Amino acid sequence: MMASVRFDALLFDFDGVLIDSEAIGNRHTAEWLTAAGHPTTAADSMANFMGLAGPQFVDAIERWIDRPLPDDFYAARKAEDDRVMAAGIDAIAGAVAFVRSLPKDLPKAIVSSSPTRWIARHLDHIGLRDAFGDHLYSGREHVEHGKPAPDLYLFGAQRLGVDITRTAILEDSPVGATGAVASGGYVIGLSAGTHCGAGHGDRLKAIGVDALAEDFDAVARLMA
């Protein structure tokens, strides 16, 4: 366990921070669009859609293909979501040990664009469901404006009873980093997932994150 933490709370993004889901999801989106006649690489998908959810995700894809998405896209996405919900997605390297190393009394929450059902299922899979209690917050369910707005981070801090300026936030996507920086928290841009290629940290730094980390050992040093 860490001897001390210099923040009053910690907010975690979920996909790409605690579970290695971004590479899977963006690969599936790229493959579907390519098969539908809109050549798209996984890198294209991550650059344009990563971190978005709900109407914002759909709007971004429709701008990319310059037409409305057909109904079979939603059916294919649901089938893929059902598949990974059943199988589970593994944790980012070092994530579980890091969470378990935190002081037991440190307030912490998930702030994700994914629905709480998704978050809870994969926390069960990686063995961290107990670490967050009821503090699972979704940009689709708990605030009017999800990422890249700052609302979800402010909501999470409020529910934890802490000042956002005394809160550290872990984010991996440019969309999430944008909202996190706007919230006023201390933002750590994490590039630990398999979706993070060369230059990923540079994109986050350009958005204004306070620090960069390539793994959870680096996160721990920043927290101490």
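The values are calculated or read from the model by the stated rules, or taken from the named source; none is laboratory data. Note that this is a predicted model, so its numbers are computed, not measured. Heads up, the Cβs are rebuilt from the backbone with ideal geometry, glycines too, and the neighbour counts pull from every protein chain shown.
Quick notes on this structure:
- Members of region 91-130 found to be farther than 15 Å from Leu170 by Cα, surrounded by 16 or more Cβ atoms within 10 Å (Cβ to Cβ) and polar (S, T, N, Q), listed by number: Ser114, Thr116
- Within region 106-165, considering residues that are within 22 Å of Ala95 (Cα to Cα), part of a loop (DSSP other than H, G, I, E, B) and among the aliphatic types (A, V, I, L, M), the one farthest from the chain's Cα centre (by Cα): Leu106
- Count of region 189-209 residues which are over 23 Å from Ile24 (Cβ atoms) and either of a type outside the set (A, V, I, L, M, F, W, C) or within 14 Å of the chain's Cα centre (by Cα) (or both): 3
- Comparison of Gly139, Gly156, Gly161 shows that the only residue that is in contact with a Lys or Arg (Cβ under 6 Å, 6 or more places away or on another chain) and touching a residue at least 40 places away in the same chain (Cβ under 8 Å) is Gly139.
- Per-region count, region 25-41, residues surrounded by fewer than 20 Cβ atoms within 10 Å (Cβ to Cβ) and touching a residue at least 12 places away in the same chain (Cβ under 8 Å): 5
- All positions within region 170-224 that are among the acidic types (Asp, Glu) and more than 20 Å from Ala109 (Cβ to Cβ): Asp202, Glu214, Asp215, Asp217
- Among the residues of region 166-206, those that are part of a helix (DSSP H, G or I) and either under 21 Å from Ser21 (Cβ atoms) or in contact with a His (Cβ under 8 Å, 6 or more places away or on another chain) (or both) comprise Pro174, Val175, Gly176, Ala177, Thr178, Gly179, Ala180, His200, Gly201, Arg203, Leu204.
- So Gly197, is it at pLDDT below 95, in the same structural domain as Ser101 (by TED's automatic domain parsing) and surrounded by fewer than 22 Cβ atoms within 10 Å (Cβ to Cβ): yes
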